[in-house]
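The values are calculated or read from the model by the stated rules, or taken from the named source; none is laboratory data. What you are looking at is a predicted structure, and each value in this text was computed from that prediction instead of being measured. Neighbour counts are summed over all protein chains in view; Cβ atoms, including those assigned to glycine, are modelled from backbone coordinates with ideal geometry.
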């Protein structure tokens, strides 16, 4: 269950996003896919770190626009998602926001590629929101840790890097990939930023340990789940999302902080910080109801973030598959 709540590799080809096929690949196919992922990421890294930032963003925007028009299934899924997020918008506006979302995601990939070349001071300077870090200090003063819950939105990795650069004890969860070289690239990249990286398959005990040590745990929550999560309302319709953040919070007493890092300018690394520190876990003796109530509060906060910046939410498959129109 907790394995699904991870800060994942930003890769347009990764299996977790299931962009190409819905079936689980065979072992041989997975190995081949892992090698392809590694070579593609290796090539993108070599280019992204050598080209000027503006040129890199220009290539990312062209790639995102091209992918939008060349990917009919993803285009249809995005259109349905954004039609629900923006019910007042015309079809043309929905399509425009969907395309911009894919473009913004490609720009995020450029940012991730360039992270190793940034100094800690760069991360701190590029993440606005000093008041949020003051609130984080107050939350940690309780001594029970903090669970930061993000979505695939804006530049969550930049926010994580800035948090680690400020000296906060931050734990993230890493997906295990078929190619060990790709695994090493991802883990090394995050460890160099000062994050503690936990393997997805061994996440459970390590996550509780991080909270007991009054650390910060960062999790993602917007991957749809069938039969292994909790049902909540999101933009007026029921959707099932991971219950892991709420379970951990109720078990540890940690404060839950829904957080987002939207990009401030079109061709800039800088982001702002949106964080809701008003959510507190509360046990009533009815564990399923407590989990549902806390998860609903998390998703309510993220609904506000997505409404404010819809083109920075990266959901490229259907968030509401049971209500397909």
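Looking at residue 269, is it surrounded by 22 or more Cβ atoms within 10 Å (Cβ to Cβ) and assigned to a loop (DSSP other than H, G, I, E, B)? Before you say what the answer is, go through the steps one by one.
Working: surrounded by 22 or more Cβ atoms within 10 Å (Cβ to Cβ): yes; assigned to a loop (DSSP other than H, G, I, E, B): yes.
The answer is yes for residue 269.
Does the stretch 116-124 contain any residue that is within 17 Å of the chain's Cα centre (by Cα) and either in a helix (DSSP H, G or I) or touching a residue at least 60 places away in the same chain (Cβ under 8 Å) (or both)?
The answer is no; no qualifying residue exists.
Taking the stretch 236-251, which residues are touching a residue at least 60 places away in the same chain (Cβ under 8 Å) and surrounded by fewer than 19 Cβ atoms within 10 Å (Cβ to Cβ)?
Residues of the stretch 236-251 that are touching a residue at least 60 places away in the same chain (Cβ under 8 Å), as a first pass: 236-239, 242-245, 247-249.
Of everything in the stretch 236-251, those that are touching a residue at least 60 places away in the same chain (Cβ under 8 Å) and surrounded by fewer than 19 Cβ atoms within 10 Å (Cβ to Cβ) turn out to be 236, 237, 238.
Looking at 133, 112, which one is more than 19 Å from the chain's Cα centre (by Cα) and surrounded by 14 or more Cβ atoms within 10 Å (Cβ to Cβ)? Talk me through it step by step, then tell me what you get.
Numbers: 112 fails: more than 19 Å from the chain's Cα centre (by Cα).
Just a single option satisfies the conditions, and that option is 133.
Within the stretch 36-70, restricting attention to residues that are within 16 Å of residue 314 (Cα to Cα) and crowded, with 17+ Cβ neighbours inside 10 Å, which residue is modelled with the highest pLDDT?
68
Look at the stretch 274-325 and say how many of its residues are in a loop (DSSP other than H, G, I, E, B), more than 19 Å from the chain's Cα centre (by Cα) and under 20 Å from residue 95 (Cβ atoms). Spell out how you get there, then give the answer.
Of the residues in the stretch 274-325, the ones in a loop (DSSP other than H, G, I, E, B) are 276-286, 309, 314-320, 324-325.
From the residues that got through so far, the ones that are more than 19 Å from the chain's Cα centre (by Cα) too are 278-286, 324-325.
Narrowing further to those that are under 20 Å from residue 95 (Cβ atoms): 324-325.
Result for the stretch 274-325: 2.
Checking the conditions here, which among 149, 186, 127 is modelled with pLDDT under 85, within 30 Å of residue 311 (Cα to Cα) and either surrounded by fewer than 16 Cβ atoms within 10 Å (Cβ to Cβ) or within 18 Å of the chain's Cα centre (by Cα) (or both)? Break it down into steps so the answer makes sense when it comes.
Numbers: 149 fails: modelled with pLDDT under 85; 127 fails: modelled with pLDDT under 85.
Being modelled with pLDDT under 85, within 30 Å of residue 311 (Cα to Cα) and either surrounded by fewer than 16 Cβ atoms within 10 Å (Cβ to Cβ) or within 18 Å of the chain's Cα centre (by Cα) (or both) holds for just one of 149, 186, 127, which is 186.
For a quick check of your reading of the model, give me the residue pairs whose first member lies in the stretch 135-156 and is on the phi > 0 side of the Ramachandran plot, whose second is buried (at least 24 other Cβ atoms within 10 Å of the Cβ) and assigned to a helix (DSSP H, G or I), with beta-carbon atoms closer than 6 Å and at least 6 apart or on different chains.
Going by the 6 Å Cβ cut-off, the qualifying pairs are 154/312.
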